[in-house]
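A.B. asks: The structure is given below, and queries will be raised subsequently.
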Amino acid sequence: MKHKEYVRINDDADTAILFIHGIVGTPNHFNEFVSLVPESISVYNLLLDGHGKEVKDFSKTSMKKWEAQVASVLKELSLTHEKIYIVAHSLGTLLAIEQTITNQKVYKLFLLAVPLSLSIKPKMPINSLKVYFDRIRPDDYEALAAKKCYGIGKDKNIFNYIGWIPRFFELFLKICQTRKTIKMLNTSCFVYHSNKDEMVSKKSKKYLEQNPCIHIKILENSGHYCYDKLDWDFLISEFNNLLNSIN
């Protein structure tokens with residue numbers, strides 16, 4: 001599966017939606033959301049630096065590059081649009097929150113799996129190994145979902161993955177930073193927390209609840225990548241409500 005940035009700018013649109021995926025993720029994570037956005041709204045489905053390429057490319061990127069990239073795209077969209085909505089997942093939510101605090105053009109946030117506290121469940125590394133070795137049963141929906149959301153090429157030399165360690169250390173530092181700044185967010189924000197998330201701890205809600213601008217909704221039977229059908233239908237309904245509020 002190819003991992004490419006998707007940009008559709010409507011010169012007559014006053015509103016744009018920016019999508020930001022998670023770490024080692026892909027813009028494909030948002031394909032079903034993007035397909036629902038009417039032509040009257042501009043779309044920018046971002047591919048973060050170092051993603052969509054090989055293992056060594058991811059090792060060479062950095063949090064600073066991701067921050068600068070998101071800031072640059074928001075600046076570009078702000079020049080031609082009056083309102084910007086951001087839809088983000090995991091790491092992408094941290095980048096979205098950071099930029100929204102200083103960019104008045106961002107009108108609303110729609111955030112999935114905000115990682116303000118981590119709790120790695122065993123199935124997270126297990127599913128990662130299944131994806132790496134491509135040993136996934138057709139009925140293993142969690143591993144299939146993880147594979148669908150994985151945006152880096154595979155490398156047979158496992159030692160090449162050592163270069164990923166700084167990237168995840170930077171993620172941890174970004175989490176700590178966002179915990180301190182979350183109170184500064186004064187933009188309407190809707191957070192969808194998966195109750196069975198294999199990476200994001202339920203303690204994340206504690207930090208989010210400190211801010212009255214943040215509205216938290218629970219996806220009872222979903223994980224970090226894999227969504228229960230009822231939860232997914234609810235999520236799509238919520239996204240359609242977001243689109244209807246724009247129109």
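A.B. asks: To the nearest 10 Å², what's residue 179's accessible area with a 1.4 Å probe?
C.D. replies: Its heavy atoms expose roughly 70 Å² to the probe.
A.B. asks: Expressed as a whole number of Å, what is the distance separating the alpha-carbon centroids of region 120-150 and region 40-114?
C.D. replies: Result: 26 Å between the Cα centres.
A.B. asks: Within the accessible area of the chain, what % is carbon and sulfur when the probe is 1.4 Å and the other protein chains stay in place?
C.D. replies: Ligands and nucleic acids excluded, carbon and sulfur give 55 percent.
A.B. asks: Next up: For the chain, report the accessible area per residue in Å² (1.4 Å probe, heavy atoms, rounded to an integer).
C.D. replies: Value returned for the chain: 49 Å² of accessible area per residue.
A.B. asks: Now, a different point. Would you calculate, for the chain, the mean residue ellipticity at 222 nm contributed by helices, counting each DSSP H stretch of 4 or more residues as -39,500 (n - 2.57) and dividing by all residues, to the nearest 500?
C.D. replies: Here the helix-only value at 222 nm equals -12000 deg cm²/dmol.
A.B. asks: In whole percent, what relative contact order does region 1-137 give with Cα contacts below 8 Å and a gap of six or more residues?
C.D. replies: So the answer I get is 25 percent.
A.B. asks: Mind listing the long-range amide H neighbours of residue 216? Cut-off is under 5 Å, sequence gap 5 or more, other chains count too, H placed in the peptide plane at 1.01 Å from N.
C.D. replies: When sequence neighbours closer than 5 places are left aside, the close amide H contacts are 191.
A.B. asks: Let me know the charge dipole size of region 32-82 about its Cα centre in debye, to the nearest 20, where only the beta-carbon of Lys, Arg (+1) and Asp, Glu (-1) is charged.
C.D. replies: Once rounded to the nearest 20, the dipole reads 360 debye.
A.B. asks: Do you know the relative contact order of the chain, to the nearest whole percent, from alpha carbon pairs under 8 angstrom that are 6+ apart?
C.D. replies: Reported relative contact order: 21 percent.
A.B. asks: A further question follows. Can you tell me the dipole magnitude for the chain around its Cα centre, using point charges on the Cβ only (Lys, Arg +1; Asp, Glu -1), in Debye to the nearest 20?
C.D. replies: In debye, rounded to 20, the chain gives about 980.
A.B. asks: Something else about it: Say the dipole of region 1-134 comes from +1 at the beta carbon of Lys and Arg and -1 at that of Asp and Glu; which of 24, 71, 119 then lies farthest toward its positive end?
C.D. replies: 119
A.B. asks: Go through 50, 128, 241 and say which Cα lies farthest out towards the positive end of the charge dipole of the chain; charges sit on Cβ, +1 for Lys and Arg, -1 for Asp and Glu.
C.D. replies: 128
A.B. asks: Using a Gaussian network model of the chain with C-alpha springs under 10 Å, which one of 105, 203, 156 is most mobile by mean-square fluctuation?
C.D. replies: Ranking 105, 203, 156 by mean-square fluctuation puts 156 first.
A.B. asks: Probe radius 1.4 Å, ligands and nucleic acids left out: which of 86, 158 has the largest accessible area, and how do the rest follow?
C.D. replies: 158, 86
A.B. asks: Please report the antiparallel percentage of DSSP beta bridges with both residues in the chain, rounded to the nearest 5.
C.D. replies: If we restrict to bridges inside the chain, about 15 percent are antiparallel.
A.B. asks: Could you point to the residue in 189, 94, 59 farthest towards the positive end of the chain's charge dipole, with +1 and -1 charges on the Cβ of Lys/Arg and Asp/Glu respectively?
C.D. replies: The residue sitting farthest along the positive end of the dipole is 59.
A.B. asks: Listed highest first by mean packing, meaning other Cβ atoms within 10 Å per residue, what order do 220-226, 33-39, 56-62 come in?
C.D. replies: Top to bottom by mean Cβ count within 10 Å: 220-226, 56-62, 33-39.
A.B. asks: In debye, nearest 20: dipole of region 85-145 around its Cα centre with unit charges on the Cβ of K, R (+) and D, E (-)?
C.D. replies: That gives region 85-145 a dipole magnitude of about 60 debye.
The values are calculated or read from the model by the stated rules, or taken from the named source; none is laboratory data. Owing to the predicted nature of the structure, the values given are computational and were not obtained by experimental measurement. Glycine gets a Cβ as well: all are built from the backbone with ideal geometry, and neighbour counts include every protein chain shown. Surface areas here come from the heavy atoms of the whole protein model, side chains and all, with no ligands, DNA or RNA. Shrake-Rupley method; radii C 1.70, N 1.55, O 1.52, S 1.80 Å.
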